[in-house]
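The values are calculated or read from the model by the stated rules, or taken from the named source; none is laboratory data. The structure presented is a predicted model; accordingly, all values stated were derived computationally and were not measured. FYI the Cβ positions are ideal-geometry reconstructions off the backbone, even for glycines, and counts take in every protein chain you see.
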Amino acid sequence: MSYCLSHQLAAAEGGKTIAELAGEFDVHPNQIAQWKKQLLQSLPELFSCSRQKEKQKRDDLTEYLYQQTGQLKVELDWLKKKLELTLEQKRKALEPGHSKITIYRQCELLGLNRSSVIINLVVTCSITSS
């Protein structure tokens, strides 16, 4: 029969005797002792697992933030080269084959309407391939 954690905690708490708890929960006193033993044995594992999970979460967040920082640095460096250009110069400054910044993100950074840029790229590609 499975009992909840509150029964195990009551057994480990020490506020009542094993006999009192056995009467309260309507179980044999040996069951109370067993609950207490199980709880006390599992406590170190519970805390070590939670620490490992917290450390893993921190490590994952740190890795994600480093990745974001790197991406933003690439975008900033790219954008610095493209500042103060006319609309036509901005369109010409787009690099569709850039390995780190998508064409969509380049449009956002330059303040260009993506749909007009994509249409121009498609038209340009179809003219050059003909």
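If only residues of segment 60-100 that are touching a Lys or Arg at 6+ places or on another chain (Cβ under 7 Å) and among the hydrophobic types (A, V, I, L, M, F, W, C) are counted, the one that is nearest to Leu110 (Cα to Cα) is Ala93. Residue count for segment 104-118 under the criterion of being in a helix (DSSP H, G or I) and either within 27 Å of the chain's Cα centre (by Cα) or touching a residue at least 12 places away in the same chain (Cβ under 8 Å) (or both): the result is 9.
Within segment 65-72, at least one residue is over 18 Å from the mean Cα position of the chain (by Cα) and either assigned by TED's automatic domain parsing to the domain that holds Glu108 or at pLDDT 85 or above (or both).
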